[in-house]
Amino acid sequence: MSRARSFNAWIIFAFLAAVFLILMSNTGLWQRGLRFLFPDVRNLLYPRADPAWLVGEHLVLVGVSSLLAIVVGVGVGVLVTRPRGRQFLPVAEKLAAVVQTFPPAAVLALSVPALGFGFSPTIAALFLYSVLPILRNTLGGLASVSTDAVDAARGMGMTPAQVLGKVELPLALPVILAGVRTAVIVNVGTATIGATIGAGGLGAPIISGLVNQNPAFLAEGTIIVGLLALTIDAAFAAVEGSLPRRDSV
């Protein structure tokens, strides 16, 4: 049953990825679709960049911020669950929770005076907003690892680093990956606000559509963002389905 689910998950991902690539490489298809939806609108496609370029900018924003969040979230989660760092566990949890309470727009507003407009403040806002689910799932995944498995590894003569790398992290990986999945999908949607300070990405046609009251621009941006989020989520689902079950690791 698990193999069938994994296969189905990969099929769904492949289908969504194919649809996404076709739409990104065919502006004529966009023109026809938007013309059908908005026959009275003169300018149908966002004129400053084609969809593929906007997706590339968006993926850079999401990828860089998510990678930073993964490094920090998993790294801090590992550090505060070691004997020498356990005293900092409550501090890490509270700090991450406090950061999560700030809306991304507020973080952007606070970051602009220090980092300027464009890429850097957007990355900072996305990073701060996505590190909490990764940290929480890292803590939860490591806490759920059986003490019997850890004791058995130590009994075999493994060093603490080997126990972490060969036993704890592999067993906690499905939980950690679920946190990464949540963070990345949230970032896909949240990254659209970066267009308000010149970061580009798929927020650009959305903001332009709102400012110019052009529903075609708005539809272009929102449809691509939604399809991108679905495709990435399907990719994570396929990877998670391919991981060995915890009782078989």
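The values are calculated or read from the model by the stated rules, or taken from the named source; none is laboratory data. On a predicted model such as this, the values are computed, not experimentally measured, just so you know. Positions of Cβ are backbone-derived with ideal geometry, glycine not excepted, and every protein chain shown enters the neighbour counts.
Can you report the number of residues in segment 15-51 which are loosely packed, with under 12 Cβ neighbours inside 10 Å and under 30 Å from Ser120 (Cβ atoms)?
2
Given the residues Val225, Val150, Val163, Val188, which is the only one that is crowded, with 19+ Cβ neighbours inside 10 Å, within 30 Å of Phe88 (Cα to Cα) and either modelled with pLDDT under 90 or not charged (D, E, K, R) (or both)?
Exactly one of Val225, Val150, Val163, Val188 is crowded, with 19+ Cβ neighbours inside 10 Å, within 30 Å of Phe88 (Cα to Cα) and either modelled with pLDDT under 90 or not charged (D, E, K, R) (or both), namely Val163.
Just checking, which of Ala178, Ala199, Ala204, Ala191 is touching a residue at least 24 places away in the same chain (Cβ under 8 Å) and not in a helix (DSSP H, G or I)?
Just a single option satisfies the conditions, and that option is Ala199.
Kindly evaluate Thr182 against the criterion of being under 13 Å from the mean Cα position of the chain (by Cα) and either β-branched (Val, Ile, Thr) or at pLDDT below 90 (or both).
When the stated conditions are applied, Thr182 passes them.
Of the conditions (1) assigned to a helix (DSSP H, G or I); (2) within 28 Å of the chain's Cα centre (by Cα), Leu45 clears all except one; give me its number.
Leu45 satisfies all of (1) assigned to a helix (DSSP H, G or I); (2) within 28 Å of the chain's Cα centre (by Cα) except (1).
Scan segment 56-76 and tell me whether some residue there is at pLDDT below 85 and in a helix (DSSP H, G or I).
no
Consider only pairs whose beta carbons are under 7 Å apart and that are at least six residues apart or on different chains; among these, list those whose first residue lies in segment 45-73 and is among the small types (Gly, Ala, Ser) and whose second residue is assigned to a helix (DSSP H, G or I) and modelled with pLDDT of 95 or more.
Listed pairs, sorted by first residue: Ser66/Val184.
Can you say whether Leu54 is aliphatic (A, V, I, L, M), under 24 Å from Ala183 (Cβ atoms) and buried (at least 19 other Cβ atoms within 10 Å of the Cβ), as far as the supplied structure shows?
Yes; evaluated as a whole, the condition is true for this residue.
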